[in-house]
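J.: Below is a structure I'd like to ask you about.
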Amino acid sequence: MMERPVHHHRRKSLIERIRNRGGGIAIIPTSNEAIRNGDVPFSFRPDSNFHYLTNFNEPEAVLVIVVGESSQCTLFCRDKNIEQEIWEGFRFGPAAAREKFLLDAAYSITEFESRLGEMMPGQPAVWYPTGRDPVWDARVSSALSAVRAQARNGQHAPGTIQDVTAELSAMRLIKDDVEIATMRQAARISAAAHARAMRVCRPGLNECEVEAELLHEFRRMGCDAPAYPSIVAGGENTCVLHYAANDKTLRDGDLLLIDAGGEFQAYASDITRTFPVNGKFSGPQVEVYTIVLEAQHAAIASIEPGADFMTPHLAATRVLAQGMLDLGLLNGSLDGVLESGSYKQFYMHRTSHWLGRDVHDVGAYKVGNDWRLLEAGMVLTVEPGFYIRPAEHVDEKYWNIGVRIEDDVAVTVTGSDVLSKDAPKQIVEIEALMRG
Ligand code: GLY
Ligand code: MN
Ligand code: MN
């Protein structure tokens, strides 16, 4: 099967950007393999920028793009090795990789330094993701030093090192149609995983048993892995924002907060749902949940091209703060609460972040001093929350109620599109699903 040309187009876009800034040689490595313990490796995940430009999944690979009058894209990757392939499985090798991934050239990774030494002289700049990986920093610096050492032979070493990350982040912030379709599928699978968790949940189960149901659905439907460690938090743990233990027994009468999303074809989903362990929201749980749902609705309704990044946060915070006043958790006026920030004792995080290949995806949030304006193709989460820890000034009926509702929202030319809309979130929907 021929590779989709979308990666080829992305390389061309990067070439144009670099050319507009004076040209040079771009060096974009994939991730390094990492040891988990003993001789056991972590599961390999390609670098998001490298994979965005190549779709190449193997470790020990680097893309080099020379941008001049003409341009050339070269992949360095592992050699074919039948002996190793018996143990570890298929690897492309340079010749097959060049053809499959529509590259101009491909060589063995063992030739990286020597060929870089031939490609660098005369280039005005090295475009490289600086300061991200000490191993690659050292390899690129040493190649640069080797070229500088040839100055007496008339070679010109690149004069500057430019951070290529800013260019790639700007590109990745606006998702193309292929990316939106992939993210929609990641969100669909993750929504099904949340629905599965609701169906199996009952008092007496351990949080880890519910986590296993999520993982089952992710993998069964083709996700590589969870996009980040799943948060499966019952009772008082609903108020722990990045709860990670997932090892407590779920109790009758408590809420369960699940923040979990699958990674599908290297794109993340990030969904949170909160529901009663026993399938029926109590009165105080309904009160808090309804406020968060309304806050999320207001935030999503505010998303459209031209609104700025903080618009949904301000919309959500206003509804949450009014809710805190209505429940008697805060005193004063709405404007006073918003101005003093007293609502932060119950809502202490932002409503949104960019979403893409990385769960907290790349892309500048501000342009100069101003929050970035939303544009079609951006994808952001909308995740208001309301977390009530035990405290003297808080009515006991609300203690340990933590609610977050998080969806993945694409900005469209006319407004927004909730990619994760299949995950149940209306109270009647959740209760009906859990009864069934
Ligand atoms: N799951 C991480 C977050 O919601 O930002
Ligand atoms: Mn999130
Ligand atoms: Mn999340």
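J.: Looking only at region 227-260, which residues are part of a strand (DSSP E or B), within 16 Å of ligand 2 (Cβ to nearest atom) and touching a Pro at 6+ places or on another chain (Cβ under 7 Å)? Walk me through it before giving the result.
T.: Looking only at region 227-260, we keep the residues that are part of a strand (DSSP E or B), and these are 231-234, 249, 255-260.
Now narrow it down to the ones that are within 16 Å of ligand 2 (Cβ to nearest atom): 231-233, 257-260.
Result: A260, single match.
J.: Only one of these is away from ligand 1 (no atom under 13 Å from the Cβ), over 18 Å from the mean Cα position of the chain (by Cα) and outside any loop (DSSP other than H, G, I, E, B): V413, V403, V394. Name it.
T.: Numbers: V413 fails: outside any loop (DSSP other than H, G, I, E, B); V394 fails: outside any loop (DSSP other than H, G, I, E, B).
It is V403.
J.: Assess whether S70 counts as being loosely packed, with under 15 Cβ neighbours inside 10 Å, hydroxyl-bearing (S, T, Y), at pLDDT below 95 and under 22 Å from R11 (Cα atoms). Working first, answer last.
T.: Details: loosely packed, with under 15 Cβ neighbours inside 10 Å: yes; hydroxyl-bearing (S, T, Y): yes; at pLDDT below 95: yes; under 22 Å from R11 (Cα atoms): yes.
When the stated conditions are applied, S70 passes them.
J.: Going through region 261-297 one residue at a time, which ones are assigned to a loop (DSSP other than H, G, I, E, B) and in contact (Cβ under 8 Å) with a residue 60 or more places away in the chain? Working first, answer last.
T.: In the first step, residues of region 261-297 are kept if they are assigned to a loop (DSSP other than H, G, I, E, B); the result is 261, 265-266, 269-270, 277-282.
Answer for region 261-297, where residues must be assigned to a loop (DSSP other than H, G, I, E, B) and in contact (Cβ under 8 Å) with a residue 60 or more places away in the chain: G261, Q265, A266, S269, D270, V277, N278, G279, K280, F281.
J.: Follow-up question, since we're still on this one. Among the residues of region 173-219, which ones are open to solvent by less than 10 Å² (accessible area, probe 1.4 Å), among the β-branched types (V, I, T) and more than 29 Å from N55 (Cβ to Cβ)?
T.: V210
J.: Another one. Would a scan of region 273-284 turn up a residue that is open to solvent by less than 10 Å² (accessible area, probe 1.4 Å) and of a type in the set (D, E, K, R)?
T.: yes
J.: Quickly run through region 373-388 and pick out the residues that are more than 30 Å from D254 (Cα to Cα), outside any strand (DSSP E or B) and either open to solvent by less than 50 Å² (accessible area, probe 1.4 Å) or within 11 Å of ligand 2 (Cβ to nearest atom) (or both). Even if it seems obvious, please write down each step before you answer.
T.: Just the residues of region 373-388 that are more than 30 Å from D254 (Cα to Cα), to begin with: 373-379.
Okay, now just the ones that are also outside any strand (DSSP E or B), so 374-378.
Passing the criteria: L374, A376, G377, M378.
J.: OK, next. Scan (1) of a type in the set (A, V, I, L, M, F, W, C); (2) away from ligand 2 (no atom under 16 Å from the Cβ); (3) in contact (Cβ under 8 Å) with a residue 24 or more places away in the chain for the single condition V428 breaks and write down its number.
T.: Of everything listed in (1) of a type in the set (A, V, I, L, M, F, W, C); (2) away from ligand 2 (no atom under 16 Å from the Cβ); (3) in contact (Cβ under 8 Å) with a residue 24 or more places away in the chain, V428 misses just condition (3).
J.: For F42, state whether it is closer than 23 Å to H360 by Cβ and open to solvent by 50 Å² or more (accessible area, probe 1.4 Å). Give the derivation first.
T.: On the way: closer than 23 Å to H360 by Cβ: yes; open to solvent by 50 Å² or more (accessible area, probe 1.4 Å): yes.
So F42 passes the test.
J.: Sticking with this one: How do the pairs read when you match residues in region 192-209 that are assigned to a loop (DSSP other than H, G, I, E, B) with residues anywhere that are among the charged types (D, E, K, R), using Cβ under 8 Å and keeping only pairs 6 or more apart or on different chains?
T.: These pairs meet every condition: P203/R251; P203/D252.
J.: Still on this structure, I have one more. What are the pairs, 6+ residues apart or on separate chains, where a residue within region 378-395 that is farther than 30 Å from P305 by Cβ has its Cβ under 8 Å from a residue that is among the small types (G, A, S)?
T.: Within 8 Å, the pairs are Y387/G402; I388/G402; D395/G328.
J.: Just one of the numbered conditions (1) within 16 Å of ligand 1 (Cβ to nearest atom); (2) outside any loop (DSSP other than H, G, I, E, B) is not true of M348; which one?
T.: The number of the failed condition is (2).
J.: Take R17 and tell me if it is open to solvent by 30 Å² or more (accessible area, probe 1.4 Å) and under 28 Å from D176 (Cβ atoms). I'd like the intermediate steps shown before the answer.
T.: Values: open to solvent by 30 Å² or more (accessible area, probe 1.4 Å): yes; under 28 Å from D176 (Cβ atoms): yes.
Considered against the rule, which asks whether it is open to solvent by 30 Å² or more (accessible area, probe 1.4 Å) and under 28 Å from D176 (Cβ atoms), R17 comes out as yes.
J.: Can you spot a residue in region 286-296 that is in contact with a Phe, Trp or Tyr (Cβ under 6 Å, 6 or more places away or on another chain), on the phi < 0 side of the Ramachandran plot and within 16 Å of ligand 1 (Cβ to nearest atom)?
T.: The answer is yes; a qualifying residue exists.
J.: Out of (1) more than 30 Å from H156 (Cβ to Cβ); (2) open to solvent by less than 30 Å² (accessible area, probe 1.4 Å); (3) in contact with a strand residue (DSSP E or B) (Cβ under 6 Å, 6 or more places away or on another chain), the odd one out for G93 is which?
T.: G93 satisfies all of (1) more than 30 Å from H156 (Cβ to Cβ); (2) open to solvent by less than 30 Å² (accessible area, probe 1.4 Å); (3) in contact with a strand residue (DSSP E or B) (Cβ under 6 Å, 6 or more places away or on another chain) except (3).
J.: Which members of region 63-80 meet the condition of being out of contact with any strand residue (DSSP E or B) (no Cβ under 9 Å at 6 or more places or on another chain) and either part of a strand (DSSP E or B) or without any contact (Cβ under 8 Å) to a residue 12 or more places away in the chain (or both)? Even if it seems obvious, please write down each step before you answer.
T.: Going residue by residue through region 63-80, those that are out of contact with any strand residue (DSSP E or B) (no Cβ under 9 Å at 6 or more places or on another chain) are 69-70, 80.
Scanning region 63-80 gives E69, S70.
J.: Now a separate question. Does G385 satisfy the criteria of being touching a Cys at 6+ places or on another chain (Cβ under 7 Å) and within 16 Å of ligand 3 (Cβ to nearest atom)?
T.: no
J.: Going through region 96-114 one residue at a time, which ones are in a helix (DSSP H, G or I), of a type outside the set (D, E, K, R) and more than 22 Å from P5 (Cβ to Cβ)?
T.: Within region 96-114, the subset in a helix (DSSP H, G or I) is 96-100, 109-114.
If we keep only those that are of a type outside the set (D, E, K, R) as well, we get 96-97, 109-110, 112, 114.
I109, T110, F112, S114 - these are the residues of region 96-114 that are in a helix (DSSP H, G or I), of a type outside the set (D, E, K, R) and more than 22 Å from P5 (Cβ to Cβ).
J.: Looking at the structure I just gave you, is Y343 aromatic (F, W, Y), buried (at least 18 other Cβ atoms within 10 Å of the Cβ) and within 16 Å of ligand 2 (Cβ to nearest atom)?
T.: Judged against the criteria, Y343 is not a match.
The values are calculated or read from the model by the stated rules, or taken from the named source; none is laboratory data. Values in this document were obtained by computation on a predicted structure and should not be read as measured data. Please note: Cβ atoms are built from the backbone with ideal geometry, for glycine as well, and neighbour counts cover all protein chains shown. Protein only, heavy atoms only, side chains kept; ligands, DNA and RNA dropped before computing areas. Shrake-Rupley method; radii C 1.70, N 1.55, O 1.52, S 1.80 Å.
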